[in-house]
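In what follows, a structure is listed as structure tokens, so that the remarks can point back to it.
The values are calculated or read from the model by the stated rules, or taken from the named source; none is laboratory data. Here the structure is a predicted model, which is why all the values come from computation and not from measurement. Here the Cβ is made from the backbone with ideal geometry for all residues, glycine too, and neighbour counts use every protein chain on show. Just the protein is used for accessible areas: all its heavy atoms, side chains included, with ligands, DNA and RNA removed. Shrake-Rupley method; radii C 1.70, N 1.55, O 1.52, S 1.80 Å.
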Amino acid sequence: MKKYKSQIIKYIIEILVIVIGILGAFALDSWKQGRESENLEHEVLKQIHEDLIVILADLKDDFIIHDIALQSHFNLENVIKNNLNYNDSLTFDFYWIKEDEYIFPNKTGYEKLEAYGTNLVTDQNIRTYISYVYNHDFPRITKGNNLYPDINEYLTPYYQKNFKINNDPALKYTLTLTNNFIINYPRHTQIGQFSDLQFIGLTPIDFSKTINDNEFKYLLSETKRYRIYKYRMYKNTISRVEKLIGMIEEYN
């Protein structure tokens, strides 16, 4: 009887050892998977962070153009409203209201996250911000996905008939982008043995006729509306991207 009890105890101990071993193996495997998932999360967030840094620089440069262009819209409206005379600076206002900008965001990090599943990012706030920036903000300022037409394409037919290109070297313009990167126009470019002088600026063939033209007034009004939308979208997107970058830096 004693021997029988001893064998039972032995079997129980062996079973417990096996169970503990299995549970330990499961726990170790789960821990390894957790570590791998955590490392993968940090790797993907690091890539998204690097992408966003580059995108943010593009956003800020584009926003400068939209800001200048919006001011040019207001300047030209003021000229029309007060029947002001032509001056050389208007050459650049007529040019800037026609310019449009878009971003072409690098989605390498975000595409990796989608491939692994967005739940890879355990922080819900970061996950929500990433989704909103990539699925709401970026599409609205990417060419082909925006709600309004391309301003340059919208104005080109009218401009082709009523404007001439500025090629006066005496008319100078300084464009200051982010990080105080300065472009001076006319801009000299050397390509191999060829030298080129790049001008910006557009001048009405008949200034008085243009500013009194109802078609031009309509186009100016419409493109200002498009511009204000893009201006606001860029401003809000920049704010959210900066916030997201900070959140990832704090988390990662």
J(HN,Hα) series, the range 88-104, from Karplus relation 6.51 cos²θ - 1.76 cosθ + 1.60, nearest Hz, glycine and proline x: 4, 5, 5, 3, 7, 5, 4, 6, 5, 5, 8, 6, 10, 9, 9, 9, 10
Computed Rg/Rh of the range 115-248, alpha carbon atoms with Kirkwood Rh: 1.11
Given points 7 Å out from each Cα along the Cα-Cβ axis, report the TYR116 to LEU147 separation in nanometres with one decimal. 3.5
Using heavy-atom solvent-accessible surface (probe 1.4 Å) with all chains present, what is the largest-first order of HIS73, HIS49? HIS49, HIS73
Which value, in debye to the nearest 20, gives the size of the charge dipole of the range 74-128 about its Cα centre, when Lys and Arg are +1 and Asp and Glu are -1 at the Cβ? 200
Förster radius 35 Å - calculated FRET efficiency between GLU222 and LEU177 (Cβ-Cβ, nearest 0.05): 0.80
Can you list the HN-Hα couplings for the range 150-165, worked out from phi with the Karplus curve (6.51, -1.76, 1.60; θ = phi - 60°), rounded to whole Hz and with x for Gly and Pro? 5, 5, 4, 5, 5, 8, 3, x, 5, 5, 4, 8, 10, 10, 10, 6
Ranking LEU175, THR118, ASN236 by how far each Cα lies towards the positive end of the charge dipole of the chain (+1 on Lys and Arg Cβ, -1 on Asp and Glu Cβ), the top one is THR118
Roughly what angle does helix 2-82 make with the longest principal axis of the chain, taking Cα atoms, 0 to 90 degrees, to the nearest 10? 10
Inter-label distance, nm, simple model (7 Å from Cα along the C-beta direction), ASN125/LYS209: 6.1
Quick one: dipole size for the range 206-252, taken about the Cα centre, charges +1 on Lys/Arg Cβ and -1 on Asp/Glu Cβ, in debye to the nearest 20. 160
Can you give me the long-range amide H partners of PHE163? Hydrogens built in the peptide plane at 1.01 Å from N, cutoff under 5 Å, separation of 5 or more residues or another chain. ILE205
Using a Gaussian network model on the chain with a 10 Å cutoff between Cα atoms, which of SER195, SER221, SER72 fluctuates the most? SER195
Taking N as the number of residues in the chain, what is its Cα Rg relative to 2.2 N^0.38 Å? 1.69
Based solely on its DSSP helices, what 222 nm [θ] is calculated for the chain when runs of n ≥ 4 H residues each add -39,500 (n - 2.57) and the sum is averaged over all residues, nearest 500 deg cm²/dmol? -22500 deg cm²/dmol
Kindly report the accessible area of the chain per residue (heavy atoms of protein chains, probe 1.4 Å, no ligands, DNA or RNA), in Å². 61
Averaged over all directions, how much area does the convex hull of the C-alpha atoms of the range 45-102 cover when projected, in nm²? 4.4
GNM on the chain, Cα springs under 10 Å; top mean-square fluctuation among HIS66, HIS42, HIS188 goes to HIS188
Given the C-alpha atoms of the range 133-197, compute the convex hull and give its volume per residue in Å³. 180
Connecting every pair of Cα atoms under 10 Å apart in the chain and solving the GNM, the largest mean-square fluctuation among TYR95, TYR218, TYR229 falls on TYR218
How large is ³J(HN,Hα), in whole Hz, for each residue of the range 221-235 in order, when computed from phi with the Karplus curve 6.51 cos²θ - 1.76 cosθ + 1.60 and θ = phi - 60°, using x for Gly and Pro? 5, 5, 5, 5, 4, 4, 5, 4, 4, 5, 4, 5, 4, 5, 4
Where a ≥ b ≥ c are the square roots of the eigenvalues of the C-alpha gyration tensor, would you call the range 162-203 rounded, which needs a/c under 1.5, or, failing that, prolate if a/b is larger than b/c, or oblate? oblate
